[in-house]
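S.K.: Before I ask anything, let me first share the structure, which is written out below as structure tokens.
Readers should treat all values here as calculations from the given coordinates under stated rules, not as data from a laboratory. Keep in mind that this is a model prediction, so the values were computed, not measured. With ideal geometry, Cβ positions are generated from the backbone for all residues, glycine too; neighbour counts draw on all protein chains shown.
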Amino acid sequence: MAHTYSISDLAKEFDLTTRAMRFYEDMGLLQPERTGPAGRSRVYSSRDRTRLKLTLRAKRLGLSLVEAKEIIDLYDSPRDTAVQLEKFLLVLAQHQQQLEAQMQDLQANLDELKVHQREAKALLAKSQSKKAKA
């Protein structure tokens, strides 16, 4: 029999709240089997565990949950893997461009901050030397 997990098992393993797990389920990223009275208990499969792991990896890369789902669903489908990999590379390239643009903006801000620091230090030194002469 395949290994199964409860919501608390996976939440604990991946350091998530059960609320986050239910949100991922609502987004269609996870599809646990429902058991118990009125289907209130969730039973996650190894497939769900893998999808959760991939979802969290995609989030760390900066992908939205919708993008993560698109890519993970491509891997689940029996279609040609070349199409799946091309889509994945396209999404990664777009995010790389966004991150590089953000890095350029941050570097420009940092450079400007350093200029202001130098100017403030120079003004402070000038002010302190005037006080010392007085």
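S.K.: Out of Val91, Val115, Val83, any idea which swings most in a Gaussian network model of the chain, alpha carbons joined below 10 Å?
M.R.: For the chain, modelled as a Gaussian network with Cα springs under 10 Å, the answer is Val115.
S.K.: Can you pull the one-decimal nm distance between simple spin-label points at Ser8 and Met103, each 7 Å off the Cα toward Cβ?
M.R.: Inter-label distance under the simple model: 4.4 nm.
S.K.: Treat each spin label as a single point 7 Å out from the Cα along the C-beta direction, and report the Arg22 to Leu85 distance in nm.
M.R.: Label-label distance for Arg22 and Leu85, simple model: 4.1 nm.
S.K.: Can you tally the lysine pairs in the chain where the Cα-Cα distance is under 17 Å and the two residues are eight or more apart, or on different chains?
M.R.: The result is 7.
S.K.: Label points 7 Å out from Cα along the Cβ direction at Val115 and Ser129: separation in nm?
M.R.: 2.3
S.K.: If I compute volume of the Cα convex hull per residue in Å³ from the structure I just sent, which labelled value in (1) 162; (2) 206; (3) 149 lines up?
M.R.: Correct label, based on the coordinates given: (1).
S.K.: Another one. Considering the chain as a Gaussian network with a 10 Å cut-off on Cα pairs, which listed residue, Gln98, Gln84, Gln107, attains the greatest mean-square fluctuation?
M.R.: Answer for the Gaussian network model of the chain: Gln107.
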